[in-house]
Amino acid sequence: MNDVNLIFNTIFPPKFFSFLKTTGVFLLAVLWIFSVSFVAKDLSKRTKDNFIKWLFAITTIALGPVGFVIYLIVRPGMTLAEKNQSLLESSMLVKEFENNTCSRCSCLIKEDYLFCPSCAAKIASRCPNCDKIVRLNCKVCPYCGTKST
């Protein structure tokens, strides 16, 4: 047994293990600081709720890299900017859908329809000057400026 210890200590001197321990502690401290910093910056992009921000900050400070992994699992899926973009896109789709429906029966209509195919309501007319299709709610033709009748 002493021979094994002698060979092991010859190959790996005690200073080597001291160096490994010091390096390991340093890397763990760097990882800990990175975890807290990342969670703080990422949360400010994902929520306005201060309770959630403090909860994850304390969790990450207390648990370090383990808290960081927990945060990555349960964090909100979208940033506030992504949520706003998604809401904007959906509201634009709703407005586009509303603009392309009959005001009487809500049937989908194409821009070049003069009458609703479902209820036969008149939804547009042709401009007498340029012969383009003009919606009934327009006061002038958007193509040539002729006043609607």
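Read-outs throughout are calculated quantities, based only on the coordinates presented, and are distinct from any laboratory measurement. Being a predicted model, the structure only gives us computed values, none of them experimental. Positions of Cβ are backbone-derived with ideal geometry, glycine not excepted, and every protein chain shown enters the neighbour counts.
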The chain: most fluctuating residue of Ile58, Ile11, Ile73 per GNM, C-alpha cutoff 10 Å: Ile11
Qualifying lysines (Cα of each under 17 Å from Cα of Lys53; at least 8 residues distant if same chain): Lys41, Lys45
Charge-dipole axis of the chain as Lys and Arg at +1 and Asp and Glu at -1 on Cβ define it, positive-most pick from Trp32, Ala81, Ser148: Ser148
Rg [Å, one decimal], Dmax [Å, integer] - region 2-81, C-alpha atoms: 19.7, 65
Tilt relative to the chain, helix 14-46 - C-alpha long axis, 0 to 90 degrees, to 10: 20
Electrostatic dipole magnitude of the chain [Cβ: Lys, Arg +1; Asp, Glu -1; Cα centre; debye, to 20]: 600
Helix 80-99 axis, angle to the chain major axis (alpha carbon atoms, nearest 10°): 20
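So what are the chain's ellipsoid semi-axes, whole angstrom, largest first, if each one is the square root of 5 times an eigenvalue of the alpha-carbon gyration tensor?
Values: eigenvalues 1060, 55, 40 Å².
The answer is 73, 17, 14 Å, longest axis first.
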